[in-house]
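Heads up, the thing below is written out as structure tokens.
The values are calculated or read from the model by the stated rules, or taken from the named source; none is laboratory data. Just so we're clear, the structure is a prediction, and the values are computed from it rather than from any experiment. When we count neighbours, we look across all protein chains shown, and the Cβ atoms used for this are built from the backbone with ideal geometry, even at glycine. Quick note on the areas: whole protein, heavy atoms, side chains included, nothing else; ligands and nucleic acids left out. Shrake-Rupley method; radii C 1.70, N 1.55, O 1.52, S 1.80 Å.
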Amino acid sequence: TVIKERHDDCVRAIYVKACWELGLLKEQLRWWEKQKVERVVESEEWLVLWDHTFSTDRSLEFTRPDIVFENKLTMEGVIVELGVCLEQNIQKKLSEKREKYVKLAMELSKLRRWRKWKIVPVVVSVTGIVTRIWDELKYIPGIGERQGRELIKEMQKIVIYRAVNIMRHVLNND
């Protein structure tokens, strides 16, 4: 659906930017180049998984985060979960995204021997409004202040572009 595409485009923007900055991509991609995004990217230091379903010893409700970064040298994990919602639901969505993968993070820390882990919720409103997003983006590997600012602008463009597509779809179907 167009709503899922909006979500996936924003996640892809994060994934591509972070992987490029970590030196994991051979060529710089754009978020709209869907076919070129590899679901698993790996180097000696990093393992990055896109939309990967994890199998755990315990039965968990949520096992498929948007992006997982694993630093194989420091044994640290970062789970990135993105949400797009109405402005009035941003704080609620941030809390929901943060809490959603706590059990998975604890399971992965045992299974993959992570010493530390962090859940990074990234929430953008359907009109491009972001609140305190920089507080979260800085924990994504490869995303410094400059990259974070670029990423915020890119995600704002994506949600606005997709909002226009959704409106076109709705208006053309009446």
Angle between the chain longest axis and helix 90-100 axis [Cα atoms, degrees, rounded to 10] = 30
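Give me the percent of the accessible area of the chain that comes from carbon and sulfur atoms, probe 1.4 Å, all protein chains in place. Numbers along the way, then the final one.
On the way: 4870 of 9810 Å².
Within the chain, the accessible surface is 50 percent carbon and sulfur.
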What do the square roots of 5 times the Cα gyration tensor eigenvalues come to for region 4-68, in whole Å, largest first, as semi-axes of the equivalent ellipsoid?
-> 22, 16, 8
Please determine, in degrees from 0 to 90 and to the nearest 10, the orientation of helix 2-21 with respect to the longest principal axis defined by the Cα atoms of the chain, where the helix direction is its Cα long axis.
-> 50
Quick one: which residues, 5+ away or cross-chain, put their amide H under 5 Å from the amide H of VAL126? H built at 1.01 Å from N.
-> CYS85, LEU86, GLU87
Leaving ligands, DNA and RNA out of it, work out the accessible area of TRP46 with a 1.4 Å probe and give it in Å² to the nearest 10.
-> 30
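Per the helix-only calculation at 222 nm, which mean residue ellipticity applies to the chain, given -39500 (n - 2.57) for every DSSP H run of n ≥ 4 and division by its residues, nearest 500 deg cm²/dmol? Write out the running numbers ahead of the final one.
Numbers: 5 runs with 74 residues, N = 174.
Value at 222 nm, helices only: -14000 deg cm²/dmol.
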If N is the residue count of region 1-158, its Cα Rg over 2.2 N^0.38 Å rounds to 0.99
Largest first, how would GLU33, GLU76 line up by accessible area (1.4 Å probe)?
-> GLU76, GLU33
Among LYS26/LYS72; LYS118/LYS138; LYS17/LYS72; LYS4/LYS157; LYS34/LYS92, the pairs whose Cα-Cα distance exceeds 18 Å are LYS26/LYS72; LYS17/LYS72; LYS34/LYS92
State to the nearest 20 debye the size of the charge dipole of region 92-148 about its Cα centre, where the only charges are +1 on K and R beta carbons and -1 on D and E beta carbons.
-> 320
Against the longest principal axis of the chain, how steep is helix 102-111, in degrees 0 to 90 to the nearest 10, with axes from Cα atoms?
-> 30
For region 34-116, restrict the atom set to alpha-carbon positions and state the Rg and Dmax in Å.
-> 13.9, 42
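Rounding to the nearest 20 debye, state how big the charge dipole of the chain is about its Cα centre with +1 on each Lys and Arg Cβ and -1 on each Asp and Glu Cβ.
Details: 32 positive and 27 negative charges, 45 e Å.
Charge dipole of the chain: 220 debye, to the nearest 20.
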